[in-house]
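Enquirer: Got a structure here, written out as structure tokens. Questions coming.
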Amino acid sequence: MVYFQRFQQSEVQVMKSNRLFKMVYLLMSNDKLSAKELADKLEVSVRSVYRYMENLSEAGIPIYASQGRNGGISLLPQFRMNSALVSEKEQNDILASLQSFASIEQSDQDTLDKLSAVFQKKPISWIEIDPSTWSNSREQKSTLAIIKQAIFQSQMLTFDYLNSKNEQLAREVYPYQVVFKDRAWYLKGYSIEREDWRLFKLTRMHNVTIDTFTSPNTTLVPKQQQFESTTNKVDLILKVDTQLSYRIFEEFSKEDIYPTDDDHYLVTCSISDGEWLDSYLLSFGAHLQVIAPTAVQLRLKQKLQKMLANYQT
């Protein structure tokens, strides 16, 4: 903001400038606040609040204090920060985008509060994006915050990763992007060990830290096919009981679902192969039958035989 260009940007002055800006948007969001209320919100003394008033006044911001029982600190009613460069729709889009991610990181909520005051709008909580699982909210939110910092500062990440072979391996990765795909969050990044681009599932990443080294090439951008080619696909034909209609229509595309005459659905799809697929198909219990391919049928039979052996005496 041009109003704050007069303040020097030393570490102390940066903190002061942040408080000055916060004081302005608090007053823009409220018609009037007492010096004590501002002091509590800014975490400073009442004396500092009055000193900040002088600083803001010198910077050209129309701020004043009124005395008496209903007195307090206010901005002139006609004062508005210039938002003419951003249209009404763009303002709503910006606030909606920030609001959706405000639950992930406090800094997003702070930015949302500031821009709400600048645009003179109250954000509508129309959606909430929560990256955590029902059982582990703190770890995944913390991981996302660390990844975000590393991406924006072009830094390397180190973490322990549990792969599909149940091997826990140390990884060094230059993070590129966080991706939500197939009901899960992934990190898209360049693996130093593999010397190639990889996808890492966030729930399998542990002990995530930022390395002190800076990424040597911040302009490196992956191609989409680099990720598609790393995953083996299998074409499935499934027969599923209509009792599980809620899962079928939730987890498969409508175009791939065909009703039959015997209270079942035929589902055709191309899906990532591997150990996880067997577990996924078995989660349907007796309500699902694999029609094709034969290789997947045989794998499931072997697993079911092992499961049955666990309960035989």
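Enquirer: Applying the selection to segment 9-40, what residues are assigned to a helix (DSSP H, G or I), over 19 Å from residue 57 (Cβ atoms) and at pLDDT below 85?
Expert: Selection gives 11, 12, 14, 15, 29.
Enquirer: Which of the residues that make up segment 41-60 are part of a helix (DSSP H, G or I), of a type outside the set (Ser, Thr, Tyr) and crowded, with 16+ Cβ neighbours inside 10 Å?
Expert: Correct list: 42, 49, 53, 55, 56.
Enquirer: Still on this structure: What pairs can you find where one residue is in segment 301-313 and under 16 Å from residue 281 (Cα atoms), the other is surrounded by 10 or more Cβ atoms within 10 Å (Cβ to Cβ) and not aromatic (Phe, Trp, Tyr), and their Cβ atoms are less than 8 Å apart, with a gap of 6+ or different chains?
Expert: From segment 301-313, the pairs are 303/278; 303/282; 304/282.
Enquirer: Assess whether residue 240 counts as being under 23 Å from residue 269 (Cβ atoms), assigned to a strand (DSSP E or B) and modelled with pLDDT under 90.
Expert: It is false that residue 240 is under 23 Å from residue 269 (Cβ atoms), assigned to a strand (DSSP E or B) and modelled with pLDDT under 90.
Enquirer: Looking at this structure, is residue 181 touching a Phe, Trp or Tyr at 6+ places or on another chain (Cβ under 6 Å) and either of a type in the set (D, E, K, R) or modelled with pLDDT under 80 (or both)? Don't jump to the end; show me each part of the working.
Expert: Working: touching a Phe, Trp or Tyr at 6+ places or on another chain (Cβ under 6 Å): no; either of a type in the set (D, E, K, R) or modelled with pLDDT under 80 (or both): yes.
Against the criterion (touching a Phe, Trp or Tyr at 6+ places or on another chain (Cβ under 6 Å) and either of a type in the set (D, E, K, R) or modelled with pLDDT under 80 (or both)), residue 181 does not qualify.
Enquirer: For segment 147-211, which fully contained strands (runs of 3 or more DSSP E) count at least 1 residues that are under 15 Å from the mean Cα position of the chain (by Cα) and more than 25 Å from residue 251 (Cα to Cα)?
Expert: 168-181
The values are calculated or read from the model by the stated rules, or taken from the named source; none is laboratory data. Given the structure is predicted, the values throughout are model-derived calculations rather than measurements. All Cβ positions, even for glycine, are placed from backbone atoms using ideal geometry, and neighbour counts span all protein chains on display.
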